[in-house]
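A.B. asks: Encoded as structure tokens, here's the structure I'll be asking about.
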């Protein structure tokens, strides 16, 4: 399909996200015979500073759309594969339940040790145990509390990491559902999925300009 010419002043959908793969500068817009291009500003100023990047906006948008469609399809296939593993969801749920249960048990254990220290102190005040006995009990229970707190921090970290991955998985599922039938790039899609697009130097002897998309997912 022949590209439609861009109107003067029209902002392309990937504005601000396209960078030269060689020097990292944001690509600047340029027009020629009604066709809009993106070019490396460094190369324009001094050819010795950068090997440059130049690509038609329409061609870039087509490349990005194709890669975006490929990404969504790949994510959908991976999601379907995982869901087809009968034990996958159950394993995730079981793992999280075990972590929560262990965290609750540790908190209860810490509370018991703290209550025991209070009881030992009252026993010392009442003369039921000696000062030395109280110090011995207190030292032992305090160490146990420290050990439990160390384990608690470790388990809480594991739970936080698990919930982060769980959230990311949910985000991926939402993205698949939202964009599984995409036909064209939209501003919302670009905002949701693309961090930046790196445009390289045209491959010598061809019209091919390599790009690399940095995804937000």
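We did not get these values from a lab; they are worked out from the coordinates using the rules stated. Just so it is clear, the structure is predicted and the values come from calculations on it, not from any experiment. Backbone-built Cβ (ideal geometry, glycine too); neighbour counts: all protein chains shown.
A.B. asks: Is the shape of the chain rounded, prolate or oblate, going by the alpha carbon gyration tensor and its root eigenvalues a ≥ b ≥ c, with a/c under 1.5 for rounded and a/b larger than b/c for prolate?
C.D. replies: Since a/c reaches 1.5 and a/b is larger than b/c, the shape of the chain is classed as prolate.
A.B. asks: By how many degrees, 0 to 90 and rounded to 10, does the Cα axis of helix 131-179 deviate from the longest principal axis of the chain?
C.D. replies: Approximately 30 degrees, to the nearest ten.
A.B. asks: Counting other beta carbons within 10 Å of each residue's own, what order do 80, 178, 36 fall into, fewest first?
C.D. replies: Arranged by neighbour count, lowest to highest, 80, 178, 36 become 80, 178, 36.
A.B. asks: List the relative contact order of region 40-165 as a percent without decimals, with contacts defined as Cα pairs under 8 Å and 6+ residues apart.
C.D. replies: Relative contact order comes out at 23 percent.
A.B. asks: Still on this model: Enter the angle in degrees (range 0 to 90, nearest 10) between the Cα long axis of helix 57-84 and the first principal axis of the Cα atoms of the chain, meaning the one along which they spread out most.
C.D. replies: Roughly 30 degrees, rounded to the nearest 10.
A.B. asks: Given the rule -39500 (n - 2.57) for each run of at least 4 DSSP H residues, summed and divided by the residues of the chain, what is its mean residue ellipticity at 222 nm, to the nearest 500 deg cm²/dmol?
C.D. replies: -21000 deg cm²/dmol
A.B. asks: Can you give me the relative contact order of the chain as a percent, contacts being Cα pairs under 8 Å and 6 or more apart?
C.D. replies: Computed value for the chain: 25 percent relative contact order.
A.B. asks: Could you tell me how many degrees, from 0 to 90 and to the nearest 10, lie between the Cα long axis of helix 88-125 and the main elongation axis, the longest principal axis, of the Cα atoms of the chain?
C.D. replies: Computed tilt is about 40 degrees.
A.B. asks: Please order 96, 165 by the number of other Cβ within 10 Å, starting at the fewest.
C.D. replies: So the ranking, lowest neighbour count to highest, is 165, 96.
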